[in-house]
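In what follows, a structure is listed as structure tokens, so that the remarks can point back to it.
The values are calculated or read from the model by the stated rules, or taken from the named source; none is laboratory data. All figures in this text were calculated on a predicted structure; none of them were measured in a lab. Here the Cβ positions follow ideal geometry from the backbone for every residue, glycine too, while neighbour counts run over all protein chains shown.
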Amino acid sequence: MSATLCLPPRCTLVQAEGIAAECRNTLSAGDGGLLIDASCVEEADVTLLQILMAARQSCEAAGRDFALTSSPALATLAARAGFSVTATGLTTPV
């Protein structure tokens, strides 16, 4: 069973340490996958993209599922940084 982590509306450098810690704590608290619900994110910066990529890589390394629910703000940020958002995380264009 996957654990869900709901992100706050503001996910910038100021909140990055706390968000990263929540991701680590959620992963270490169970043996299931991780669903990050970013549907409420209204403001974000590149630090959130880094956290999402690291969370996905951590899940993959542990053999766990990773899923991401996005928001329009996150999708716009990802596109500006050269990524696209899918249900399985951030991807780069081929």
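Which members of the stretch 66-79 meet the condition of being out of contact with any Cys (no Cβ under 6 Å at 6 or more places or on another chain) and assigned to a strand (DSSP E or B)?
Hits for the stretch 66-79 are 67, 68, 69.
Does at least one position in the stretch 52-65 carry a residue that is within 13 Å of residue 11 (Cα to Cα), modelled with pLDDT of 90 or more, under 10 Å from the mean Cα position of the chain (by Cα) and part of a helix (DSSP H, G or I)?
Within the stretch 52-65, one or more residues are within 13 Å of residue 11 (Cα to Cα), modelled with pLDDT of 90 or more, under 10 Å from the mean Cα position of the chain (by Cα) and part of a helix (DSSP H, G or I).
Restricting to the stretch 25-49, name every residue that is free of Cβ contacts under 8 Å to residues at least 24 places away in the same chain and not hydroxyl-bearing (Ser, Thr, Tyr).
25
With respect to residue 41, determine if the residue is within 13 Å of the chain's Cα centre (by Cα), assigned to a loop (DSSP other than H, G, I, E, B) and either β-branched (Val, Ile, Thr) or surrounded by fewer than 17 Cβ atoms within 10 Å (Cβ to Cβ) (or both).
Yes: the conditions hold for residue 41.
Could you pull out the residue among 30, 82 that is on the phi > 0 side of the Ramachandran plot and in a loop (DSSP other than H, G, I, E, B)?
It is 82.
Which members of the stretch 4-27 meet the condition of being touching a strand residue (DSSP E or B) at 6+ places or on another chain (Cβ under 6 Å) and outside any helix (DSSP H, G or I)?
Listed by number, the residues that qualify are 4, 5, 6, 10, 11.
For the stretch 26-58, give me each residue that is touching a helix residue (DSSP H, G or I) at 6+ places or on another chain (Cβ under 7 Å) and among the polar types (S, T, N, Q).
Those that are touching a helix residue (DSSP H, G or I) at 6+ places or on another chain (Cβ under 7 Å) and among the polar types (S, T, N, Q): 47, 58.
Looking at (1) surrounded by 15 or more Cβ atoms within 10 Å (Cβ to Cβ); (2) touching a residue at least 12 places away in the same chain (Cβ under 8 Å), which one does residue 15 not meet, given that it meets all the others?
Every condition holds for residue 15 apart from (2).
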